[in-house]
Structures are given as C-alpha cells and as structure tokens.
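Engineer: Pasting a structure here, questions to come.
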Amino acid sequence: MRILLIEDDRELAEFVRKGLEEEGYAVHACFDGSSGLKAAETTAFDLVVLDIMLPFLNGLEVTKRLRLQNIAIPVLLLTARDAPEDVVKGLDAGADDYLTKPFSFDVLLARIRARTRSSADRHSLVIRYADLSLDTAKHEVRRGNTLLKLTATEFSILECLMRGAGHVVTRAHLITSVWGERDISDNNLEVFIRFLREKVDIANKKKLIRTERGIGYSLRDY
C-alpha cells in the first residue's frame, strides 16, 4: 500500500512515516498543501493522510481540488478541531474519514486499514487500461488477445503504471513500489522499462509507455 502523508509538523510527520513504514506501508511525505496536491495529482497512491491546517493550501482545499479532478483516492483528514461543523466541512469537501489530534497510532492504523480494504478488494482481480489487461491473481498480462510473457519485476512495474494510468509515476515511486528499500539506480530502472516496452508496445499497436523526462514514466492512450 502506498500512502501520501501531507503534514506540516515535521516531527509528527516523521513519527507517522516511520511507524507506517514499520507496518509495511510505502510512505511519501509532503509538508505543505501545494506540494501535497501536486504529488496526489501526478502519482498513484492508495490513501492520503492529510492535515487540515497547512501552508499554501489547507487540507479542505486540497481535498476539493482532488475531487473536482475526479481523483477518487481515499482521504483521511487529521484535524485539531472536533466540533461537528468542522467535521461536516471536511466530509462535505470530499474526505472519507477524519481523525482528531492528538490521536493514537493504533487508531490511525485501524482507520487506514478500514479505508484501504475496499480499495484493495477493488484492485485484486483485473486492472484494465486501453487494450491492456493485468490479472493480479493469475499474474497474466494481455495486450488485446495477445498474452505477454513478463518477468515478475516487469509485471510489478506495469502494475504500478496501470494503477496510475493517465498520470506521471515518478522514478522514486516506481523503485519504492517494486523494490522497496533495495538500492536500485535510475539507470537500472530504465533498463527494466526498456525490456517492458519491447513486450508491451508491440508492432502495429499504439505505444502506451511514455517517458516523462526528468520525472518518471506514464501509461497514456493519447
């Protein structure tokens, strides 16, 4: 599971990041609303943990902008205010849940599990984009009616790209998602992408895997 943490209190953010990583989550942290919104717009995440009081853009505005772009990623708001009207504002903005500060880390974990469970179930079978289909249970990929023979690493890279289809997936996010904490260079990633392209972007088919120079890669059908 990939979590975007947007929290301007760096000490709290580091505490939450370390705790979540120890639980097996991949965490990307941002410290203001503007950079957090950009990360959510350009990279695929399974959940956003979002403070309301943030520099540049507050958490409510970040949530509203995500929903206006039809980005349906679950949003868990962190708030120091528990008055009913404040909770209502957060939910009306498009948030899925809220947690009042100070909070128990175990409660945060429980809220995260609850909000990502349905998302995991939705993505547990077949992911489709354009004429690509990826079956996570059978570990099969097809381009139209053609079965593609991918290695386990190529499959994981393509799955990450397909979950973020239409958006840029950064090199750092790909490396973390596929290899975890292993020391993989950008050059090594480029080699795997080249092998994957040779299998996915086959003759007489539209090229789907795009290089986003200086940032990462994307899967686009236009």
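Engineer: Would you confirm, using the coordinates I've provided, whether residue 89 is in contact with an Asp or Glu (Cβ under 9 Å, 6 or more places away or on another chain) and not assigned by TED's automatic domain parsing to the domain that holds residue 199?
Structural biologist: no
Engineer: Take residue 57 and decide whether it is at pLDDT 90 or above, out of contact with any Phe, Trp or Tyr (no Cβ under 8 Å at 6 or more places or on another chain) and either over 27 Å from residue 157 (Cβ atoms) or assigned by TED's automatic domain parsing to the domain that holds residue 179 (or both).
Structural biologist: The answer is yes for residue 57.
Engineer: Take segment 182-222 and flag every residue that is closer than 20 Å to residue 44 by Cα, surrounded by fewer than 16 Cβ atoms within 10 Å (Cβ to Cβ) and aliphatic (A, V, I, L, M).
Structural biologist: 215
So that you can scan it fast, the table gives a plain yes or no per residue for (1) free of Cβ contacts under 8 Å to residues at least 24 places away in the same chain; (2) at negative phi:
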{"site": "180", "(1), (2)": "no, no"}
{"site": "190", "(1), (2)": "yes, yes"}
{"site": "193", "(1), (2)": "no, yes"}
{"site": "196", "(1), (2)": "no, yes"}
{"site": "199", "(1), (2)": "no, yes"}
{"site": "210", "(1), (2)": "yes, yes"}
{"site": "214", "(1), (2)": "yes, no"}
{"site": "219", "(1), (2)": "no, yes"}
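Engineer: Name the residues in segment 7-47 that are β-branched (Val, Ile, Thr) and either touching a Ser or Thr at 6+ places or on another chain (Cβ under 8 Å) or surrounded by fewer than 20 Cβ atoms within 10 Å (Cβ to Cβ) (or both), would you?
Structural biologist: 42, 43
Engineer: I'm trying to understand the selection: among the residues of segment 157-181, which are among the acidic types (Asp, Glu) and surrounded by fewer than 18 Cβ atoms within 10 Å (Cβ to Cβ)?
Structural biologist: 181 - this is the single residue of segment 157-181 that is among the acidic types (Asp, Glu) and surrounded by fewer than 18 Cβ atoms within 10 Å (Cβ to Cβ).
Engineer: Among the candidates 128, 117, which residue alone is among the basic types (Lys, Arg) and modelled with pLDDT of 80 or more?
Structural biologist: After ruling out the rest, the residue left standing is 128.
The values are calculated or read from the model by the stated rules, or taken from the named source; none is laboratory data. Everything numeric here is computed off the predicted structure, so don't read it as measured data. Note that each Cβ is placed from the backbone with ideal geometry, even for glycine, and that neighbours are counted across all protein chains shown.
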